[in-house]
Amino acid sequence: MGMTITEKILARAAGKESVRPSELINAKIDVVMCHDVTTPAAIRMLVEHGIDRVFDAEKIVVTPDHFQPAKDIKSAELAKRLDEWARRHKIKHYYKLGRAGVCHALLPEQGHIRPGEVIVGGDSHTCTYGAFAAFGTGIGSTDLAAVIATGELWFKVPASIKLVLNGALTAGVYSKDVILAVIARIGVDGALYQAMEFAGSAIAEMSMEARMTMTNMAIEAGAKNGIIGFDEVTKAYLDGHLKEKTEYTVFESDADAEYVSVEEFDCSKLEPMVAMPHLPSGGVPIDECSGMEMDQAYIGSCTNGRIEDLRIAAEIMKGKQVAIRTIVVPATPTIWKQAKDEGLFDVFYDAGCVISAPTCGACLGGFMGILAAGEKCVSTTNRNFVGRMGHPESEVYLASPATAAASAVEGKLIDPRKCL
Amino acid sequence: MTEKHEVVVMGKAWVYKRDHINTDEIIPARYLNTDDEQELAKHCMEDIDKGFVGKVGEGDVIVAGEDFGCGSSREHAVWAIRGAKVATVIAKSFARIFYRNAINCGFYLIESADAAEKIGDGDKVEIDYKAGIIRDKTAGVEIKFNPLPGFALEIINDGGLLEHIKKKV
């Protein structure tokens, strides 16, 4: 019996010839991602347990991104704990403020993600890295503490489901619309404990930025990881981004690999999607919600805060005014500079947007765009849970950067194809 | 140290019939600027039930539907529940990271669709971990559940993952 990419990567990390779904393994971890919300707790635990050590100061990447620049005193204390620890252990890849960015945009951009490797992070959207034919999964603070000290972690090998996405996306429809449609079909626990493997011609046509939007939201279907096979697009991105360690191993799913289920999607018929409150599975075609008045538009996050997303938004806003408060958050300093150099900031400024420093910010209700009771926000982020971006009585509508930008101009949800 | 899975606890059940109760509801991100368990406990379940902290008592249990704890990897959700002195969560199913975090913290979870259906809000329940039985004293029913798998029990009995691995490092 053959194996999936996910199984092959985990077998390699466990030092085994092969693994089967449900098997318990102990895997060696290649990269550990640390940020300012979940890592400070891990540091405290390590100190309390008398094991304040790091397994490899070169395999840990630190980026204070969630509540930084510190939004309040308590957040400043967390960042301080992280900073002191990173210095104490001479963490090599410590991105201090000014170079720090939204983790899942920063790590691939700075060349820390390589095919065939196992990456864990104290953040549920660590599944983003699967876009590079790598295994990425989110963990909590105790797991983080364990892996920081030992470089190993126990896993139950997930079974895989395969999502075959065929057909060309039409103008105005993007990878965000695809993943919202997928989650609307399979549900927020449609891939619970499983690996979501994306394949098909629609994926092959996507840029790495667009693919990252897909794997980023695998967790919103309950998946352990999302994964996409290696191809020329992956290779071209890696050639331009890998710095120190440039070799990697490419694994492919065998033809006779076993999948729990195979779902097929025809992307050519897809329309722009909006996920209605309060679950990411609440996706409906734009026609069904068009005209709903919004109070805020938010363009950013690890899902859609990359340069490609900002370009799409700027294209729509060019020469227009936003009708509601609109917050644009480039995900990393590199993206920020790129957007500035390309003149996108002029477009956003002229349209009346706020341009923020890189941060996870309001995506998780931290700061930089919190909602009041009763307010509605169209957002390019990944979750629309109750209270996610602010008051428990506020509402979040998930959409693509195009839909968010068009809706910002209109002041209400609108089909972006009307503005192209 | 008494092994957690051998203890019999008695408390009140707080039932939330819904599926997909997520970590943002259990502990909203506006409180994630601290990792202090007692501080987090003050806001436990705040965005699903503002009155929860005022009524919950030591040894009580939370009962819910499918996919409890979905969303963020924040272990703060487990800490908030544990800090509120809740003995366990009984759900039809759990989200992956929440389940893993609970085991790593030494916090026992019970997956039982049967119990999630049968237990009524405010019922007095007794949990016999060793026997794998929940006794709903109010309804007068006994519900069997599958204990956690061996490796998870080992971690829980060691007092969590860090105590567990401390033997090795």
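Laboratory data are not the source of any read-out in this text; all were calculated from the coordinates shown. The shown structure was predicted, so the numbers you read here are calculated from the model rather than taken from an experiment. Cβ placement follows ideal geometry from the backbone for every residue including glycine, while neighbour counts extend to all protein chains displayed.
Here are a few things to note about the model shown:
- For the segment A:272-280, counting C-beta atoms of other chains within 10 Å of every residue's C-beta and taking the mean gives 1.
- Calculated translational diffusion coefficient of the stretch A:48-118 (10 °C, 1.306 mPa s; Stokes-Einstein with Kirkwood radius over alpha-carbon pairs) equals 119 µm²/s.
- The stretch A:376-420: GluC sites (Glu not before Pro) falling in loop per DSSP and having at most 14 other Cβ within 10 Å: A:GLU393
- Counted by Cβ distance under 12 Å from A:MET1, the other residues give a net charge of -3, where Lys and Arg count +1 and Asp and Glu count -1.
- Mean separation of Cα contacts under 8 Å (6+ apart) over length of the stretch A:244-380, as relative contact order %: 24
- Radius 12 Å from Cβ of A:ASN166, net charge of other residues (Lys, Arg +1; Asp, Glu -1): -3
- Here the Debye sum runs over all C-alpha atoms of the stretch A:50-190 as equal scatterers in vacuum, and log10 of I(q)/I(0) at q = 0.16 Å⁻¹ comes out as -1.00.
- Pairwise FRET efficiency - B:PHE151 versus A:LYS96, Cβ, R0 = 41 Å, nearest 0.05: 0.60
- Beta bridges per DSSP, both residues in chain B: antiparallel share near 50 percent.
- For A:ARG114, A:ARG185, the sequence from fewest to most other C-beta atoms within 10 Å is A:ARG185, A:ARG114.
- For the stretch A:5-265, DSSP calls about 15 percent of its internal beta bridges antiparallel.
- Where only DSSP H runs of four or more residues are counted, chain A gives -9000 deg cm²/dmol as its mean residue ellipticity at 222 nm, each run worth -39500 (n - 2.57).
- Electrostatic bookkeeping for A:GLU342 treats Lys and Arg as +1 and Asp and Glu as -1; over the other residues with beta carbon under 15 Å from its beta carbon, the sum is -2.
- Greater than 32 Å apart at Cα, pairs in A:LYS16/B:LYS167; B:LYS124/B:LYS166; A:LYS176/A:LYS340; B:LYS85/B:LYS167; A:LYS59/B:LYS130; A:LYS176/B:LYS144: B:LYS124/B:LYS166; A:LYS59/B:LYS130; A:LYS176/B:LYS144
- Pairs of Cα atoms nearer than 8 Å and 6+ residues apart set the relative contact order; for the stretch A:19-72 it is 50 percent.
- Rg to Rh quotient for chain A, alpha carbon positions, Kirkwood Rh: 0.95
- R0 of 22 Å, Cβ-Cβ distance B:ILE133-A:SER22: FRET efficiency to nearest 0.05: 0.25
- The order of the peptides A:5-11, A:51-57 by mean Cβ neighbours within 10 Å, most packed first, is A:5-11, A:51-57.
- The antiparallel fraction among DSSP beta bridges confined to the stretch A:273-418 stands at about 25%.
- Where only DSSP H runs of four or more residues are counted, chain B gives -7000 deg cm²/dmol as its mean residue ellipticity at 222 nm, each run worth -39500 (n - 2.57).
- Contact order relative to length of chain A, as percent, for alpha carbon pairs under 8 angstrom and 6 or more apart: 17
- Estimated FRET transfer efficiency (A:GLU263, A:GLU342; beta-carbon r; R0 41 Å; 0.05): 0.65
- Mean partner shielding of peptide B:61-68, defined as the number of other chain Cβ atoms within 10 Å of each residue Cβ, is 1.
- Over the C-alpha trace of chain B, radius of gyration and Dmax come out as 15.0, 48 angstrom.
- Cα-projected label distance for B:THR34 with A:LYS318, points at 7 Å along beta-carbon direction, nm: 5.0
- Across the stretch B:32-78, the convex hull enclosing all Cα atoms gives 97 Å³ per residue.
- For the peptide A:131-140, the mean number of other protein chain Cβ atoms found within 10 angstrom of a residue's Cβ is 3.
- Of the trypsin sites (Lys or Arg not before Pro) found in the stretch A:207-253, those in coil by DSSP whose Cβ has at most 16 other Cβ atoms within 10 Å are A:LYS243, A:LYS245.
- Report note on the peptides A:273-282, B:99-108: ranked by the mean count of other C-beta atoms within 10 Å, highest first, their order is B:99-108, A:273-282.
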